[in-house]
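What follows is one structure encoded as structure tokens, with my remarks underneath.
The values are calculated or read from the model by the stated rules, or taken from the named source; none is laboratory data. Quantities reported herein were computed from a predicted structural model and do not represent experimental measurements. As a convention, Cβ positions derive from the backbone with ideal geometry for all residues, glycine included, and neighbour counts pool all protein chains shown.
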Amino acid sequence: MVFNFLKGQFIDVIEWTDDTRNTMVYRFERYGNEIKYGAKLTVREGQLAVFVHEGQLADVFEPGMYMLETNNMPIMTSLQHWSHGFNSPFKSEIYFINTRRFAGLKWGTQNPVMLRDPEFGPLRLRAFGSYAVRVQDPVAFMREIVGTDGDFTQEKIAGQIRNIVVQKVSRVLAASGIPALDMAANTKDLSDVIGKAIAPTLSEYGLEMPELYIENISLPPEVEKVLDQRTSMGIVGDLNKFTQFSAAQAMQKAAEGGDGGMGAGLGAGMGMGMGMGMAQAMGQSMGGQPAAAAPPPPPPPATEQMWHIAENGQTRGPFPQSQLAQHITRDTLVWSEGQSGWQKAGDIPALQSLFPAIPPPPPPIG
């Protein structure tokens, strides 16, 4: 702070140079001396000077240089009942108000905001950002916020403004109807709506908010993880082709790594089969096209009838019926389970297809 004053009985020059960058209001200290009538008041750009006389807000001075006389101080003159010839010292408190923009102030939702998302249903969102604030009405600011605080910094009101911002953000996000996935594209519009909603409350404090930014709107970590998985599935595309590709890669790696033993190969094959089955089930559950069903395996062959052959008092066999033709003739005695005894092969209907057809006798001559 820079003070220019005479070390005599009265203060001669009144001014304030702010080198803190966070002071919103500073009370000019009189050090027990009265203000000299006709003293010089310097108000720089980005400042206002407010006189408080006996607890009452009096004259407000905008940027410029003033001679503290009756013609420059109408309210003080009225309160003091000064005449034009008045030149005595007077007592008054002088507050310098910083009207510049205080930017880069942070806000964030301490608790999640509940949102009814049209796509995902109920969601919990968190948001954070920054804002700027400045004094718009010095008299209201002094009356509602500062009071008699002679060194009022932005930190003393930042918490209160932050609570106002978070409250409005929660209401606007919950009532916006914007899907969570589209909010990043609408942060500018949401910021404008929130700023307009905050303006009436700040106006009562003599403040305004020229800037408000939503820097991020985020989902809970567990929801983001599921969303990432869903995004990954979308990138994969055709799940069946991806599964086949993955299986081919796994087989190639297995071949490059050696046989690894029969157990390892069997385990890899089982794991690959299970993975393909799970991938197919996942594809169907996610609404994708179901994979083409594998053709059913061929039915097991029927059990072939077995035959025994009797030759020269001995039996041979059993032979399957498909191989019987090379071992028998029509007169060969054969037996199969279910027969009452030995019969000639040519007399058994089931074996007729094994022998060439015999033409009937030729017709008589003449």
Of everything in the range 6-20 that's over 60 Å from the mean Cα position of the chain (by Cα) and surrounded by 13 or more Cβ atoms within 10 Å (Cβ to Cβ), which residue is modelled with the lowest pLDDT? PHE10
What are the residue pairs meeting all of these: first residue in the range 330-358, first residue within 15 Å of GLN314 (Cα to Cα), second residue assigned to a helix (DSSP H, G or I), Cβ atoms under 9 Å, and 6 or more apart or on different chains? THR332/ALA345; THR332/GLY346; LEU333/ALA345; VAL334/LEU324; VAL334/ALA345; VAL334/LEU351
Answer residue from the range 184-220, given it is of a type in the set (Asp, Glu) and in a helix (DSSP H, G or I) and is surrounded by the most Cβ atoms within 10 Å (Cβ to Cβ) among those: ASP189
Counting only residues in the range 45-65 that are free of Cβ contacts under 8 Å to residues at least 24 places away in the same chain and not in a strand (DSSP E or B), the one nearest to the chain's Cα centre (by Cα) is identified as GLU45
Does any residue of the range 146-154 turn out to be at pLDDT below 90, small (Gly, Ala, Ser) and under 24 Å from LEU125 (Cα atoms)? no
Being surrounded by 13 or more Cβ atoms within 10 Å (Cβ to Cβ), of a type outside the set (Val, Ile, Thr) and over 13 Å from GLU311 (Cα atoms) is the filter here; which residues of the range 331-366 pass it? SER336, GLY346, LEU351, LEU354, PHE355
Do you know which residues across the range 67-112 are at pLDDT 90 or above, part of a strand (DSSP E or B) and within 27 Å of GLU29 (Cβ to Cβ)? TYR95, PHE96, ILE97, ASN98, PHE102
Selection from the range 327-344 of residues at pLDDT below 80 and on the phi < 0 side of the Ramachandran plot yields SER340
Within the range 128-180, which residues are outside any helix (DSSP H, G or I) and either of a type in the set (A, V, I, L, M) or under 29 Å from the mean Cα position of the chain (by Cα) (or both)? PHE128, GLY129, SER130, TYR131, ALA132, VAL133, VAL135, GLY177, ILE178, PRO179
